[in-house]
1. Two decimals, Cα atoms only, Kirkwood Rh: what is Rg/Rh over region 268-328?
2. In a Gaussian network model over the chain where Cα atoms closer than 10 Å are linked, find which of 372, 360, 410 has the largest mean-square fluctuation.
3. Compute the longest continuous run of the chain that contains no exposed GluC sites (Glu not before Pro); treat a site as exposed when its DSSP state is not H, G, I, E or B and it has at most 12 other Cβ atoms within 10 Å.
4. What distance in nm separates the simple spin-label points at residue 432 and residue 416, each placed 7 Å from Cα in the Cβ direction?
5. May I ask for the equivalent-ellipsoid semi-axes of region 200-359, computed as the square root of five times each C-alpha gyration tensor eigenvalue and listed largest first in whole Å?
6. Using only alpha-carbon positions, what ratio does the radius of gyration of region 313-434 give when scaled by 2.2 N^0.38 Å?
7. Would you mind getting me the FRET efficiency between residue 89 and residue 68? Use the beta-carbon distance for r and R0 = 30 Å, nearest 0.05.
8. Roll a 1.4 Å probe over the protein chains and send me the accessible area per residue for the chain in Å².
Amino acid sequence: MKKITKLMVLLLVAIMALSSLVACGKKDNAKDNEKTEATPTETAKEETTPTDAAPEVEEVTLKVWAPQEEQEILKQMCEKFQANHPEYKITFEYGVVSEADAASELQKDAAAGADVFAFASDQTANLVSAGILYPITLNVEEITAANSEASIQAATVDGQLYAYPFTPNSWFMYYDKSKYTEDEVLSLETMMAKDLGDGVKNFGVDINNGWYLSAFFFAGGCTLFGEDGKDPSSCTFNDANGVAVANYLIDLVKNPKFTDDADNSILTDMKEGRLAAACSGTWNAATIQEALGENYAATKLPTIKINGEDRQLSNFADFKLIGVNSQTKAPIPAMELAEYLSGEECQKLRFEARSIAPTNLKLASDPDILANPAVAALSLQTSFSTLQSSIPQMGNYWAPAEAFGTELLNGTVTKENVQSKLDDMVNSILSTIG
């Protein structure tokens, strides 16, 4: 009996020990599960907690200037820029200021002017001299490589890029194919000799506008501010070549087949068949094409005969640029916006909407763009152009040239007094900037 009792006691002890081991195993497993399996609440918390803080959105106000005809497309481009830059919350303020007037408006009060603005490249040096243009520091190599060399040169002063080019700003000749053939428009003498009937003018150009007048003097071999356009003490419009050009112009404006057609009135004259050919730029391409219909054509400027020699009319090679105001409170967003507005995408949009020729090298060789008569004509004429000077003295050129052109039209300039009239113009151009 004692043996049985002792055996039972030993059995009970063994059972208790075994139970204790099993319990410990369960407890340890539970602890392991706690370590490796998170509760559903903990899992959801881990998934929804960001690893990095959300990026800050910078609130920016940017005032942007462009001419009236660019306002609609400008707003579209700025909205696209905002969509591409969620890091900014931009308030855009739009102003209507033409490229020709941008410099004068900014010089009145740069701090109140636009952060980003379009301007003509002949204003570059003046704006830099006045401390108004912000030097470009972002993506300079990429911008330089993407655009034509001449356009970059027009936006550069002393090796520093100060603006973004987006289109050549020059002119060529539109003509009515029902009145002229492709061969006839090569020579102004051939064009003027043709009888197109009563009430029809053979050729028109705004001769009392220095932008157009200069093409005749350059064709004659004259220079403005030296061969490179950087000598403020030199203008040869009154040398022997200049006299020959002026005499040619005296005869041209007296010809009843010529018209000093202002840039905008050519649209009506061509539509009504009263004008066979006229000089303008791509900004009028759509309306002239509508006016002429199937007779619409465009080409380079014709040659003129000076001293018995055919000389190619050579217009100013000017460009439209986009600049950033040095007074801007947001230089980085402003530079990024200016780069976008002048870049390949926006150049393509301007071409599609308004036949504006590109400076972007990739677009300039696009077959679709070259198929456009106006753009093709501008590209061809550019090879005969003279780069427009951007030195401050250039500001002295416009008024004397306009005055000389006006005197040509009203007959005040004659072959008897042409030398003195040219001397007066040149002296005014070279006078001290005041």
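The values are calculated or read from the model by the stated rules, or taken from the named source; none is laboratory data. Computed from a prediction, not measured in an experiment: that's the story for all the values here. Every residue, glycine among them, receives a Cβ derived from its backbone with ideal geometry; neighbour counts consider all protein chains shown. The area values use the complete protein model at the heavy-atom level, side chains included, leaving out ligands, DNA and RNA. Shrake-Rupley method; radii C 1.70, N 1.55, O 1.52, S 1.80 Å.
1. My calculation of the ratio gives 1.16.
2. In this elastic network of the chain, the residue with the biggest mean-square fluctuation among 372, 360, 410 is 410.
3. 273-415
4. Distance between label points: 3.6 nm.
5. Values for region 200-359, descending: 33, 26, 12 Å.
6. With N residues counted in region 313-434, Rg over 2.2 N^0.38 Å equals 1.47.
7. So the FRET efficiency works out to roughly 0.60.
8. Ligands and nucleic acids excluded, the figure is 50 Å² per residue.
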